[in-house]
Amino acid sequence: MKAKSAWEIAEGTRDGSISPVETVEALFERIGEHDIEIKAFITTTKKLAIEQAKEIEKKRKAKQKLGRLAGVPIAVKDNICTQGIETTCASKILRGFIPPYDATVVKMLKEEGAIIVGKTNMDEFGMGSTTEFSAFFPTRNPRNTSYVPGGSSGGSAAAVAKELASAALGTDTGGSIRCPSAFCGVVGLKPTYGLVSRYGLIAYANSLEQIGPITRDVRDSSLMLSCIAAHDPMDSTNVGEKKDYTKFRDDVSRLKIGVPKQYFGEGTQKAVSDAIWRALKKLEDEGATIEEVDLKTVEYALASYYIIAMSEASSNLARYDGLRYGFQESSGARNWSTLFSKDRKIGFGFEVKKRIILGTFALSAGYFDAYYLKAQMVRSLIIQDFEKAFKKFDVLIGPTMPTTAFKLGEKTVDPLAMYMSDCDTVPANLAGIPAISIPCGSSNGLPIGMQIMAPSFEEERLLGVAGFCERELA
Ligand code: GLN
């Protein structure tokens, strides 16, 4: 039987046909049964979840108003702060860190009646595309457990795909919502930069990342977005406002679609490009116009992204000194600098250390102009390229990932190959525009993701096109 959507659970909870306590209990039975194999969660919060469910049941009986996500079990990526619940970023260095506050998004979800069921696995600090760089354990792809779920929000996408949560929060710095959504066959939305508050998100690269929903369908994605988009004075880069995104129209008959040729370049699997073109034909049959577009600067997106992301990471991660948060290993250290370097040596994983060193290098005197500044200039050109394209087209469509999921272990041996696989996702982060990945067929049993991009703050348009494709491609 098909699991109920978040929308259906919320509706049923409000009208009393669904018991939130029973929903939560059934869900934890499923988690008990399947998470041994999938390993989507770092922490589960059964006791708290049942308390939250009872609270909602009490409210309903007292005829109090219930929120838009009443009784919906939601998983949260482990780089988003949850009050009283350990938040580790899948890193040893944050083991034992219990945030004293909720991130704004978590607070907003709770206000809407959502039930937090646990914290999901990820690549350490969000650095990776497979969830194998978690300091604790890798997560497996529910569609085929010999494959990775994608990353870095792999735990969130796997939990939603395996029905261990009705929806989840992920974060996307360079594709970390869209990549695992594509690999696990679910819907992942990276909102416009600034639409959703980042307050309480443990930073990897501030100028690139956004929190967004991972769901099983487009309607749930619109519901989640409606609940987390808002203006938050606690995040100075946040310019969002409350809006109902569930009213999107899936009429594509006059839509002008641009297909960036760089998204079908070398390394793109034939099965992937065939699947996207099949979908594009459907859109054309419906009256949309399709035209190829040349986004020249996108070819430099990957190089620019990795310099900017690593530079920001090197500065953000300087705060982990073995004193302020969780983990402390070298209690015998005699001075601050020994303690600092010892704890960072043991506390950070290899990939994180590598990025801190590369980022520090790119920012250092003498190299700043050649690397960081140049990367920022390329970023400006990419923004201009997208702006130009959106003068002509309503949306841009291409694959989310050039390939289907990798085998476990396949990419960890070749970091460059792993970075290359982000080529289709990082441009949207550099440009700050919204992008969604939706399921679009499969190859050898592994899902293919289609990516739709729109101008900043045009999430409603994005959801409309996604809604049409979801219906027509099913
Ligand atoms: N794979 C990319 C990286 O490693 C993106 C990660 C992310 O979006 N957090 O940086």
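Laboratory data are not the source of any read-out in this text; all were calculated from the coordinates shown. These figures come from a predicted structure and were not determined experimentally. Please note: Cβ atoms are built from the backbone with ideal geometry, for glycine as well, and neighbour counts cover all protein chains shown.
Residues whose amide H falls under 5 Å from that of G170, counting only those 5 or more places apart or on a different chain, are G212, I214, with hydrogens built in the peptide plane.
Beta bridges per DSSP, both residues in the chain: antiparallel share near 65 percent.
Per-peptide packing, taken as the mean over residues of other Cβ atoms within 10 Å, places 358-369, 172-183 in the sequence 172-183, 358-369 from highest down.
Using only alpha carbons, region 285-415 has a radius of gyration to Kirkwood radius ratio (Rg to Rh) of 1.13. Distant-in-sequence amide contacts of G441, defined by a placed amide H-H separation under 5 Å and a gap of 5 or more residues or a different chain, comprise I448. In terms of the Cα gyration tensor, with a ≥ b ≥ c the square roots of its eigenvalues, is region 8-72 rounded because a/c is under 1.5, prolate because a/b exceeds b/c, or oblate? Verdict is prolate for region 8-72. Here region 1-42 is assigned +1 on the Cβ of each Lys and Arg and -1 on the Cβ of each Asp and Glu. Its dipole about the Cα centre then comes out at about 140 debye. Viscosity 0.890 mPa s, temperature 25 °C: give me the Stokes-Einstein translational D for the chain in µm²/s, with Rh taken as the Kirkwood radius over C-alpha pairs. Estimated via Stokes-Einstein, D reaches 111 µm²/s. Database remark: amide H of G118 closer than 5 angstrom to the amide H of T45, V76 (H placed geometrically; neighbours at sequence offset of 5 or more, or on other chains; Pro and chain starts carry no H). Within region 1-143, DSSP assigns beta bridges of which about 45% are antiparallel (rounded to the nearest 5). Placing +1 on the Cβ of every Lys and Arg and -1 on the Cβ of every Asp and Glu, with no other charges, gives the chain a dipole of roughly 840 debye about its Cα centre. Label separation (K54 vs T338): 5.1 nm, computed from points 7 Å beyond Cα along the C-beta direction. Electrostatic bookkeeping for I357 treats Lys and Arg as +1 and Asp and Glu as -1; over the other residues with beta carbon under 13 Å from its beta carbon, the sum is +4.
Net charge in the neighbourhood of R30 (other residues with Cβ under 9 Å of its Cβ; Lys, Arg +1, Asp, Glu -1) is -3.
Ranking L225, A375, A454 by how far each Cα lies toward the positive end of the dipole of the chain (charges on Cβ) leaves L225 at the top. Estimated from helices alone, the mean residue ellipticity of the chain at 222 nm is -12000 deg cm²/dmol (sum of -39500 (n - 2.57) over DSSP H runs with n ≥ 4, per residue). Placing +1 on the Cβ of every Lys and Arg and -1 on the Cβ of every Asp and Glu, with nothing else charged, gives region 219-330 a dipole about its Cα centre of roughly 220 debye.
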